[in-house]
Amino acid sequence: MTQSKSHQSAPSSGQQVTPSPTEQGPITPQEESKLKAAGRDATANAANLVGCGTTEPNVDGKTGDFTDAARIRTGPSTSCTALGDGFPGQGATYFCFVIGQDGGTWTYLRNNTTGVTGWVRDTFLSGVGSSKLCPGS
């Protein structure tokens with residue numbers, strides 16, 4: 001994991017994202033299944049939590065899409081700065097996932113329409129986001 005400077009993205013096409021309780025809500029059954037498949041559980045070791053400003057290598061390469069309007073953030077937490085927004089139909093390339101500070105899973109991705117890279121809670125992504133755990137997580 002490497003730390004990067006904050007990026008500013010171009011404004012999305014005038015659309016606004018309303019914060020959703022799902023972005024910080026409890027872990028979903030789909031996220032729990034994904035964690036079990038990766039040999040993890042939602043009680044991540046605090047030393048392995050990823051902070052704001054963290055970037056990750058593309059170890060997955062799977063493509064998917066946003067299932068709802070979502071904020072793309074500098075880290076896997078709603079306390080991290082939003083870099084831009086993702087919307088259904090824009091498409092995304094999934095790099096890898098981590099367990100966020102909220103206990104849910106977050107995918108590091110690139111929005112295929114805007115080019116913005118950052119973190120999105122997996123509840124907003126098709127296929128529950130990346131299937132590859134980020135290195136060092």
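Where a number appears in this text, it was derived from the coordinates with a stated rule and is not lab data. Note that the structure is a prediction, hence the values are computed from the model and not measured. Cβ: placed from backbone, ideal geometry, glycine included. Neighbour counts: every protein chain shown.
Here are the numbers for this structure:
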read-out	value
Residues Phe87, Phe124 arranged by fewest to most Cβ contacts within 10 Å	Phe87, Phe124
Amide H partners (placed H, <5 Å) of Ile72, local residues excluded	Leu83, Gly84, Asp85, Gly86
Fewest-first ranking of Arg110, Arg71, Arg121, using other Cβ atoms within 10 Å as the exposure measure	Arg110, Arg71, Arg121
Cβ-based exposure ranking for Asp85, Asp68, Asp102, in which fewest neighbours within 10 Å come first	Asp68, Asp102, Asp85
Whole-number percent relative contact order across segment 56-137, with pairs defined as alpha carbons under 8 Å at least 6 apart	34 percent
